[in-house]
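These notes are about the structure you will find just below.
The values are calculated or read from the model by the stated rules, or taken from the named source; none is laboratory data. The shown structure was predicted, so the numbers you read here are calculated from the model rather than taken from an experiment. Reconstructed Cβ throughout: ideal geometry from the backbone, glycine too, with neighbour counts over all protein chains shown. These area figures cover heavy atoms from the full protein model, side chains too; ligands, DNA and RNA do not enter into them. Shrake-Rupley method; radii C 1.70, N 1.55, O 1.52, S 1.80 Å.
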Amino acid sequence: MAENSILIVEDERTLRRLLEYRLGKTYRVRTAANGEEALAYVHEEAPDLIVSDIMMPKMDGFALQDALSEEKSTRAIPFIFLTAKADETSKQRGMRTGVDDYITKPFDIDQLLSRIDRLLERANVYQSQLDAKLGQDFSERLMPKRMPEEPGYDATFYNKPREYGGGDIFDWKKAGDDYFFTLGDVMGKGLQAKFYAFSFLGYVRSSLKAMMDSTRSPAKLMQKINQVLVEDEVMENTFASLLLIRWNPKRHELTYANAGHCRPVLVTDNGPELITYSDMILGLKGDTEYQDSTLTIPPGAAFMAYTDGLMEQQPPDGTMLGEEGVMRCTENLHTDDAPIDRLLEQVLDASHNDQFDDDILVFWLQRHA
Amino acid sequence: MSLELKTHNEETVIVRIGKALDFRNASEFKAQCQDQVQEGARNFILDFSDTGILDSTGLGSIFSLYRQVSPLNGQVVFASVSRPVQVVVQLTRTYKVFRQFPSVEAAQDTLA
């Protein structure tokens with residue numbers, strides 16, 4: 001976890017330096033000599049906690065606290081008053097304005113440290129609970145509730161988001177005799193990636209909807225999505241790998257465009273085979289061209305696509321499993337009753353730890369023999 | 001942290017990436033490069049000779065840098081690309097954007 005930052009506001013130089021030294025051992029510390037200075041710092045970069053004196057020139061502690069309370073963005077910063085004013089009136093005044101703690105001088109530095117710890121811990125727990133809740137919500141919305149049902153096929157997917165995972169997306173849409181699958185990974189980690197993934201999926205969906213009447217080519221759709229991503233300021237610095245797949249179950253045909261995504265695998269009696277063609281990842285260059293490739297699914301064969309969580313699992317030698325490693329784990333699974341379960345087991349068997357570090361997403365399209 | 005920046009000339013900066021560029025130090029990489037761009041740097045030589053880990057967050061920070069300097073006619077080039085970095089570059093098909101050089105010196109010669 002990132003180091004917590006603390007802002008010390010104290011006009012007396014010696015005490016300010018002492019606090020800076022002692023707190024600096026555990027936290028990232030900034031100091032200000034009065035409320036005015038402190039306020040300017042807070043607007044630059046909000047600290048995780050503020051320790052402030054009350055009596056100071058220019059702007060005193062109360063005025064600082066009032067100013068912080070007026071703004072939504074600063075209201076919730078934990079605040080400790082540190083002062084020689086031991087009298088009840090100022091203490092009550094301090095408490096009333098939303099101060100979290102009140103320590104009178106002369107004080108014991110260990111006592112101050114333990115109170116800081118407690119306040120920060122409380123704030124961090126709230127934050128991570130909130131993150132987990134939001135992350136879960138995003139993750140659920142990024143995945144379909146059901147899968148296509150077509151005679152002669154089993155279409156299944158598995159998804160397990162991690163709290164600190166990335167922005168995996170998976171979606172499908174039926175259009176006439178075709179199905180369009182979207183499978184991808186928005187770069188980054190944690191809640192931010194999930195949020196970007198959520199907006200990105202919105203773009204993809206609306207592009208598909210808008211273009212479906214004029215083209216059925218995944219590559220053309222991909223090109224459009226890339227342009228939007230590069231040109232739109234809201235999506236600036238969003239990069240994503242993506243597979244767009246058109247599936248026609250009657251003709252047993254898959255047509256796909258791949259933008260820098262882990263390459264899918266076709267599993268047949270002859271063993272697994274990488275479906276190799278791919279173009280550049282989305283969001284980097286607006287004029288990137290994408291190409292369609294088509295393959296036929298033979299009777300009894302399976303098509304498998306996934307996100308990098310599988311590939312980045314580490315074997316005991318500290319390297320990465322990689323596309324080849326994942327591919328090897330799919331061998332003969334086209335005849336298995338629970339191919340995704342078996343695949344995950346085999347990937348874990350090949351890794352040095354017994355669980356996945358990142359989001360896991362696997363899509364398995366099985367044609368009956 | 002393991003990043004090391006060295007100014008080659010007014011426009012060119014060499015960044016020694018160190019053992020890893022991932023979610024732990026990607027924002028630091030971004031911030032430091034941004035400072036350099038503000039001071040006039042346009043070209044970045046990324047030295048991957050010791051790099052064992054380049055995850056998607058790390059790669060994203062390199063992409064952001066590319067997006068930042070390309071309108072200024074700047075370049076981001078890779079030097080001494082290690083095997084794990086090569087794998088990621090191949091997968092994402094980004095070798096079309098990031099030129100590769102066998103060494104920092106070779107990159108310097110070309111960019112000069």
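Probing with 1.4 Å while keeping every protein chain in the model, the per residue accessible area of region B:4-111 equals 44 Å². The mean sequence separation of alpha-carbon pairs under 8 Å and at least six residues apart, normalised by the residue count of chain B, gives a relative contact order of 25 percent.
Of B:LYS19/B:LYS96; A:LYS173/A:LYS285; A:LYS173/B:LYS96; A:LYS285/B:LYS19, which pairs sit farther than 30 Å apart, going by alpha carbon to alpha carbon? Too far apart for the 30 Å limit: A:LYS173/B:LYS96. Take the alpha-carbon centre of region A:300-316, take the same for region A:97-166, and report the distance between them in whole Å. Cα centroid of region A:300-316 versus Cα centroid of region A:97-166: 27 Å apart.
Quick one: net charge around A:ASP349, please, counting Lys, Arg +1 and Asp, Glu -1 for every other residue with C-beta under 14 Å from its C-beta. So the environment of A:ASP349 carries a net charge of -2. For region A:142-367, what D do you get in µm² per second when you plug the Kirkwood radius from alpha-carbon pairs into Stokes-Einstein at 37 °C and 0.692 mPa s? Rounded, D is 186 µm²/s.
Axis angle, to the nearest 10 degrees, between helix A:218-231 and the longest C-alpha principal axis of chain A: 20 degrees.
Taking 17 Å as the straight-line reach from the Cα of B:LYS6, the aspartates and glutamates in range (excluding those fewer than 8 positions away in the same chain) are B:GLU28, B:ASP35, B:GLU39, B:ASP47, B:ASP50, B:GLU105, B:ASP109.
Would you mind pulling out the separation of the Cα centroids of region B:28-48 and region A:192-217, in Å? Region B:28-48 and region A:192-217 have Cα centres spaced 32 Å from each other.
Around the amide H of B:THR12, modelled in the peptide plane, lie the amide H atoms of B:ARG42, B:ASN43, all under 5 Å away and 5 or more residues distant in sequence or on another chain. In this entry, region A:5-133 is assigned a mean projected area of 7.7 nm², taken as a quarter of its C-alpha convex hull surface. Near B:GLY18, the amide H atoms lying under 5 Å from its own belong to B:ASP50; only residues 5 or more places off or on other chains count, and H is placed 1.01 Å from N. For the options B:LEU59, B:LEU21, B:LEU46, a Gaussian network treatment of chain B with springs between C-alpha atoms closer than 10 Å singles out B:LEU59 as fluctuating the most.
Helical content of chain B, expressed as a calculated mean residue ellipticity at 222 nm, amounts to -12000 deg cm²/dmol (DSSP H runs of 4 or more residues, -39,500 (n - 2.57) each, divided by residue number, nearest 500). Expressed per residue, the C-alpha convex hull volume of region A:162-272 stands at 114 Å³.
The calculated FRET efficiency for the pair A:ALA338 and A:SER69, based on their C-beta separation and a Förster distance of 56 Å, comes to about 0.50. On the beta carbon distance between A:SER206 and A:ARG122, with R0 = 45 Å, the FRET formula returns roughly 0.60.
Every Cα-Cα pair in region B:1-88 was counted, and those over 18 Å apart are 35% of them. Label point of A:THR156 set 7 angstrom out along Cα-Cβ; within region A:335-351, amide nitrogens under 14 Å from it belong to A:335-346.
Legend: Rg and Dmax of the protein assembly as shown, from Cα coordinates, 26.9, 85 Å.
Under the combined filter of DSSP loop state and at most 13 neighbouring Cβ atoms within 10 Å, region A:277-367 retains these GluC sites (Glu not before Pro): A:GLU289, A:GLU331. Listed values for region A:44-57 are Karplus-derived 3J(HN,Hα) couplings in whole Hz (6.51 cos²θ - 1.76 cosθ + 1.60, θ = phi - 60°), namely 5, 8, 5, x, 7, 7, 10, 10, 10, 6, 9, 7, 8, x, and x replaces Gly and Pro. Taking GluC sites (Glu not before Pro) across region A:170-236, the ones in a DSSP loop with at most 16 further Cβ atoms lying within 10 angstrom of their Cβ are A:GLU233, A:GLU236. Each other residue within a Cβ distance under 10 Å of B:LYS96 adds +1 if Lys or Arg and -1 if Asp or Glu, for a net charge of +2. For region A:318-365, the alpha carbon convex hull comes to 82 Å³ per residue, rounded to a whole number.
The simple spin-label model puts a point 7 Å past each Cα toward its Cβ; for B:THR110 and A:THR26 those points are separated by 5.1 nm. Would you mind working out the magnitude of the charge dipole of chain A relative to its Cα centre, with +1 at each Lys and Arg C-beta and -1 at each Asp and Glu C-beta, to the nearest 20 Debye? Rounded to the nearest 20 debye, it is 820 debye.
Taking GluC sites (Glu not before Pro) across region A:136-217, the ones in a DSSP loop with at most 11 further Cβ atoms lying within 10 angstrom of their Cβ are A:GLU149. Summarising the amide proton neighbourhood of A:ASP168: residues at separation of 5 or more, or on other chains, whose placed amide H is nearer than 5 Å comprise A:VAL186.
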